[in-house]
């Protein structure tokens, strides 16, 4: 017969199985980048009563989900409940607060921020935290092809508008579809993004290069453009602007006849 004291002790116990996986590794790098702190400092303060779960916490959970699982917003709470809370930056019981409305509201909060300044702060912190070398950078652009008319976009002359979806030189070889142009610059030391921007679909590559932040870098920069021949020829058009004019020291386009 079972001892009553042991039976009472066993009745108060429960078994819980939680996933660990790569979540602690991701959390380590989020903390090393001070991403929660940067979100807290640089996102605009919301009016009224502050949220039960800070936007910085929700955004870091969404980043972990994006890297680990890519669950839809309506399933974030159930997904997070299966992990050790501390590995997602949560306290016990907070996973249940991650409904799709709160996740969507946090993304809206991020959209209202000065995202260019936020990205710059993250990049600068990464450079310092990981002692990245900035002697050489690599830049390239890619087409983000979409379907649809998008007739209700803001006018081109509006100063604070978002990038316009329109026809341009399409690297997916779909001139019939509209696009955006995604431009990214990474360090040759670790391929860490330090600059990115979304341009109008009709913007040419020479115009993108002319606006790059090479004029006053923290140390001399040699930007290396890895392009296919079609990228530079079609982007610069008949003018074929000299790419070496855009670099602090030198810019050498690496041309290839291979179709990309």
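The values are calculated or read from the model by the stated rules, or taken from the named source; none is laboratory data. What you see is a predicted model, and the numbers here were worked out from it, not measured in a lab. Because the Cβ atoms are built from the backbone with ideal geometry, glycine has one as well, and the counts that use them run over all protein chains shown.
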Given the conditions (1) over 20 Å from residue 113 (Cα atoms); (2) out of contact with any strand residue (DSSP E or B) (no Cβ under 9 Å at 6 or more places or on another chain), every one holds for residue 177 apart from (2)
inquiry  = Can you say whether residue 176 is assigned to a loop (DSSP other than H, G, I, E, B), over 16 Å from the mean Cα position of the chain (by Cα), at pLDDT 90 or above and surrounded by fewer than 18 Cβ atoms within 10 Å (Cβ to Cβ), as far as the supplied structure shows?
reply    = yes
When segment 185-207 is checked residue by residue, the ones that are assigned to a strand (DSSP E or B) and either touching a helix residue (DSSP H, G or I) at 6+ places or on another chain (Cβ under 9 Å) or under 14 Å from residue 116 (Cβ atoms) (or both) are 185, 187, 193, 194, 195, 196, 197, 198, 199
The residue that is modelled with the lowest pLDDT, considering only those in segment 19-33 that are touching a strand residue (DSSP E or B) at 6+ places or on another chain (Cβ under 8 Å) and surrounded by 11 or more Cβ atoms within 10 Å (Cβ to Cβ), is 19
> For residue 73, are the conditions met, namely being in contact (Cβ under 8 Å) with a residue 24 or more places away in the chain and under 19 Å from residue 114 (Cα atoms)?
Replying inline: no
For residue 70, the lone unmet condition from (1) within 21 Å of the chain's Cα centre (by Cα); (2) surrounded by fewer than 15 Cβ atoms within 10 Å (Cβ to Cβ); (3) assigned to a helix (DSSP H, G or I) is (3)
All conditions in (1) in contact with a strand residue (DSSP E or B) (Cβ under 6 Å, 6 or more places away or on another chain); (2) at positive phi are true of residue 48 except (1)
Pairs returned, first residue in segment 14-32 that is within 19 Å of residue 130 (Cβ to Cβ), second residue that is assigned to a loop (DSSP other than H, G, I, E, B), beta-carbon separation under 7 angstrom, 6 or more apart or interchain, are 27/89
For residue 102, the lone unmet condition from (1) touching a helix residue (DSSP H, G or I) at 6+ places or on another chain (Cβ under 9 Å); (2) within 17 Å of residue 185 (Cα to Cα); (3) surrounded by 15 or more Cβ atoms within 10 Å (Cβ to Cβ) is (2)
*residue 6 vs. criteria closer than 30 Å to residue 124 by Cβ and assigned to a helix (DSSP H, G or I)*: no
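With the requirement that a residue be surrounded by 15 or more Cβ atoms within 10 Å (Cβ to Cβ) and under 17 Å from residue 52 (Cβ atoms), what does segment 73-94 give you?
Once the filter is applied, which keeps residues that are surrounded by 15 or more Cβ atoms within 10 Å (Cβ to Cβ) and under 17 Å from residue 52 (Cβ atoms), segment 73-94 yields 76, 77, 80, 81, 85, 88, 89, 90, 94.
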Practice problem: Answer yes or no as to whether residue 145 is at pLDDT 90 or above, in the same structural domain as residue 195 (by TED's automatic domain parsing), under 19 Å from the mean Cα position of the chain (by Cα) and within 17 Å of residue 199 (Cβ to Cβ). | Solution: yes
